[in-house]
1. Under 18 Å from the mean Cα position of the chain (by Cα) and modelled with pLDDT under 95: does that describe residue 77?
2. Going through segment 14-34 one residue at a time, which ones are touching a helix residue (DSSP H, G or I) at 6+ places or on another chain (Cβ under 7 Å) and either under 22 Å from residue 104 (Cα atoms) or of a type in the set (Ser, Thr, Tyr) (or both)?
3. Examine segment 163-172 for a residue that is surrounded by fewer than 20 Cβ atoms within 10 Å (Cβ to Cβ), among the aromatic types (Phe, Trp, Tyr), under 30 Å from residue 31 (Cβ atoms) and within 14 Å of the chain's Cα centre (by Cα), and state whether such a residue exists.
4. Given segment 1-49, what strands (runs of 3 or more DSSP E) lie entirely inside it while holding 1 or more residues that are hydrophobic (A, V, I, L, M, F, W, C) and surrounded by fewer than 17 Cβ atoms within 10 Å (Cβ to Cβ)?
5. Have a look at 80, 65 and point out the one that is open to solvent by 30 Å² or more (accessible area, probe 1.4 Å), more than 23 Å from residue 19 (Cα to Cα) and not small (Gly, Ala, Ser).
6. Look at segment 85-125 and say how many of its residues are loosely packed, with under 11 Cβ neighbours inside 10 Å, acidic (Asp, Glu) and within 21 Å of residue 168 (Cα to Cα).
7. Out of the residues in segment 50-77 that are touching a residue at least 24 places away in the same chain (Cβ under 8 Å) and in a loop (DSSP other than H, G, I, E, B), state the one that is farthest from residue 8 (Cα to Cα).
8. List pairs: first in segment 37-49 and at negative phi, second among the hydrophobic types (A, V, I, L, M, F, W, C) and open to solvent by 40 Å² or more (accessible area, probe 1.4 Å), Cβ under 6 Å, 6+ apart or cross-chain?
Amino acid sequence: MLYLAFLRGLNVPGRSVRMDRLRGLFRDMGFDAVRSHIQSGNVFFETPEEDRSVLSRTIGTHLREALGYEVAVCLRTVPEMEELVALDPFKDVDVTDSTRCCVVFTTEPIDPALELPLLSPKKDMEIIGTTGYEAFVVWHLIKGRAPAAKGFQERHLGGDATTRFFHTVVDILAAAKQGAS
């Protein structure tokens, strides 16, 4: 099984990890065909293990022990990512220079009763849609600055989550499929 691991909190200030080291940490756990994509904590790997809770726990524990801090682990498969991209969740968004289309990957289910669209009090973040474990969020830059995920996003989606721009998600899926066995 080919998994895509979206890791939270890597290569942000104070948490720099070289991708060759990160790939090595995944190989140390016995995973095969380990690859990474860009510097923001996207790792592809193969394993016969199908229990995601076991995988997430194993990866999270190993990374915490090796790196010295908690890393949220959001695991997805290629078919799941294909379904997500096929939704084309931002097709109705008027994208401008001050708009960013983001996918938030969560480790826990998103409340299906969440009333959408949901605009942050500062009007800088809008949750426009969800799946079971992803949220589609539009960032509205204010004075060129991206909103902070802490607070609004965490309150509604949970704390263990990581965000990628939608165009990056499309690129990650293509890269994962390119090397899939």
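The values are calculated or read from the model by the stated rules, or taken from the named source; none is laboratory data. Remember, predicted model here, so these are calculated numbers, not experimental data. Every residue, glycine among them, receives a Cβ derived from its backbone with ideal geometry; neighbour counts consider all protein chains shown. All accessible areas refer to the heavy atoms of the entire protein, side chains included, with ligands and DNA or RNA removed. Shrake-Rupley method; radii C 1.70, N 1.55, O 1.52, S 1.80 Å.
1. On the way: under 18 Å from the mean Cα position of the chain (by Cα): yes; modelled with pLDDT under 95: no.
No.
2. Across segment 14-34, the qualifying residue is only 17.
3. Yes - at least one qualifying residue is present in segment 163-172.
4. Working: elements: 2-7, 32-36, 42-46.
Filter on segment 1-49 gives 32-36.
5. Details: 65 fails: more than 23 Å from residue 19 (Cα to Cα).
Only one candidate qualifies: 80.
6. 4
7. Top of the filtered list is 50.
8. Short answer, once both residue conditions are applied: 46/33.
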